[in-house]
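Trainee: The structure is given below, and queries will be raised subsequently.
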Amino acid sequence: MKTLNTVFCSLAVVVGTLSGASLAAGPASELTIQNTAIQKMLMDELFIDKGRYHLLAQTACQYAYVDSPAVTVSQGRVRIKVRLSGKLAMEVGDQCVGGASDVVRVAISGRPAFSGEKLVLTEIKVDEVSNEAYRVLLQQFLESAIPRAVEINVREGLQRMLGTRQSTYEVVVNQLAVTDLTAENNQLHAALTFSLTAR
């Protein structure tokens, strides 16, 4: 799971303006997460085996993995294109029968939403797969891996950002709400309203 702290600090590509984010926070602040940050989340969380995410345990005759993710944000959705490399052959004796090596184009997308205290992707679906034989292998990738990788805990991230390590006090975010969440022009944009308590 990603927090806003890791998105802002580790990835260092998110543009966020917390316009009123002092101990007396203003009525609304803004958060912008660019497509490049989401792409780096995927690389950090999923594509950790030489840039690959394996869909199938490799055998002498079968393998399937995705790599080279490219993320765009438009028309209310986060869109992810990947390259799928695979081979689906049967092992008969010491030979592989049927199924040549394939390179498959895959495009998936999800709708960003604010759920609880997290920004998440919902309604994740396959928009394109150039070889239908691999569609079933993509289900776990869609249902588990992608939602796990693109999940941002807004409250936790704000508290980490606003409370420095040198401080002797703790900053607590109260009454957090996210409104006007949009996904256009290669960025997620949200208006945040919250209040802060230092203790």
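The values are calculated or read from the model by the stated rules, or taken from the named source; none is laboratory data. Because the structure is predicted, anything quoted here is derived from the model rather than measured. Because the Cβ atoms are built from the backbone with ideal geometry, glycine has one as well, and the counts that use them run over all protein chains shown. We work out accessible area using only protein heavy atoms, side chains counted, and drop any ligands, DNA or RNA first. Shrake-Rupley method; radii C 1.70, N 1.55, O 1.52, S 1.80 Å.
Trainee: Would you point out which residue out of Arg105, Arg111 is over 30 Å from Asp180 (Cβ atoms), out of contact with any Phe, Trp or Tyr (no Cβ under 7 Å at 6 or more places or on another chain) and either not polar (S, T, N, Q) or not in a strand (DSSP E or B) (or both)?
Mentor: Within the list Arg105, Arg111, the selection yields Arg105.
Trainee: Further question on the same structure: Please verify whether the stretch 99-114 includes one or more residues that are touching a Leu at 6+ places or on another chain (Cβ under 8 Å), farther than 25 Å from Ser68 by Cβ and modelled with pLDDT under 90.
Mentor: no
Trainee: Kindly indicate whether any position in the stretch 69-79 is closer than 18 Å to Val136 by Cα and touching a Pro at 6+ places or on another chain (Cβ under 8 Å).
Mentor: No, because not a single residue in the stretch 69-79 is closer than 18 Å to Val136 by Cα and touching a Pro at 6+ places or on another chain (Cβ under 8 Å).
Trainee: Something else now. Read through the list (1) out of contact with any strand residue (DSSP E or B) (no Cβ under 6 Å at 6 or more places or on another chain); (2) surrounded by 12 or more Cβ atoms within 10 Å (Cβ to Cβ); (3) at pLDDT 95 or above, then give the number of the only condition that Glu91 fails.
Mentor: Just one mismatch for Glu91, condition (3).
Trainee: In the stretch 65-85, what residues are free of Cβ contacts under 8 Å to residues at least 60 places away in the same chain and in contact with a helix residue (DSSP H, G or I) (Cβ under 8 Å, 6 or more places away or on another chain)?
Mentor: Those that are free of Cβ contacts under 8 Å to residues at least 60 places away in the same chain and in contact with a helix residue (DSSP H, G or I) (Cβ under 8 Å, 6 or more places away or on another chain): Pro69, Ala70, Val71, Leu84.
Trainee: Do the conditions hold for Ser85, that is, is it over 10 Å from the mean Cα position of the chain (by Cα) and either of a type in the set (Lys, Arg) or open to solvent by 60 Å² or more (accessible area, probe 1.4 Å) (or both)?
Mentor: Values: over 10 Å from the mean Cα position of the chain (by Cα): yes; either of a type in the set (Lys, Arg) or open to solvent by 60 Å² or more (accessible area, probe 1.4 Å) (or both): no.
So Ser85 does not fit the description; no.
Trainee: Checking Val66 against (1) within 25 Å of Phe194 (Cβ to Cβ); (2) open to solvent by less than 10 Å² (accessible area, probe 1.4 Å); (3) modelled with pLDDT of 95 or more: exactly one of these is not met. Which one?
Mentor: (1)
Residue-wise test of (1) surrounded by 11 or more Cβ atoms within 10 Å (Cβ to Cβ); (2) over 28 Å from Leu56 (Cα atoms).
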{"site": "Ala100", "(1), (2)": "no, no"}
{"site": "Val120", "(1), (2)": "yes, no"}
{"site": "Leu142", "(1), (2)": "yes, no"}
{"site": "Arg155", "(1), (2)": "yes, yes"}
{"site": "Leu176", "(1), (2)": "yes, yes"}
{"site": "Asn186", "(1), (2)": "yes, yes"}
{"site": "Ala198", "(1), (2)": "yes, yes"}
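Trainee: Please identify the pairs in which a residue from the stretch 181-197 that is acidic (Asp, Glu) has its Cβ atom under 9 Å from the Cβ atom of a residue that is at pLDDT 90 or above, counting only partners at least 6 apart or on another chain.
Mentor: Correct list of pairs: Glu184/Val73; Glu184/Ser74; Glu184/Gln75; Glu184/Gly76.
Trainee: From the list Glu132, Glu128, which one is open to solvent by 40 Å² or more (accessible area, probe 1.4 Å) and more than 23 Å from Leu188 (Cα to Cα)? Full working, then the answer.
Mentor: Values: Glu128 fails: more than 23 Å from Leu188 (Cα to Cα).
Testing whether each residue is open to solvent by 40 Å² or more (accessible area, probe 1.4 Å) and more than 23 Å from Leu188 (Cα to Cα) leaves just Glu132.
Trainee: Got a sec? Which of Ala37, Ala24, Ala12 is open to solvent by less than 50 Å² (accessible area, probe 1.4 Å) and either modelled with pLDDT of 50 or more or not in a strand (DSSP E or B) (or both)?
Mentor: Ala37
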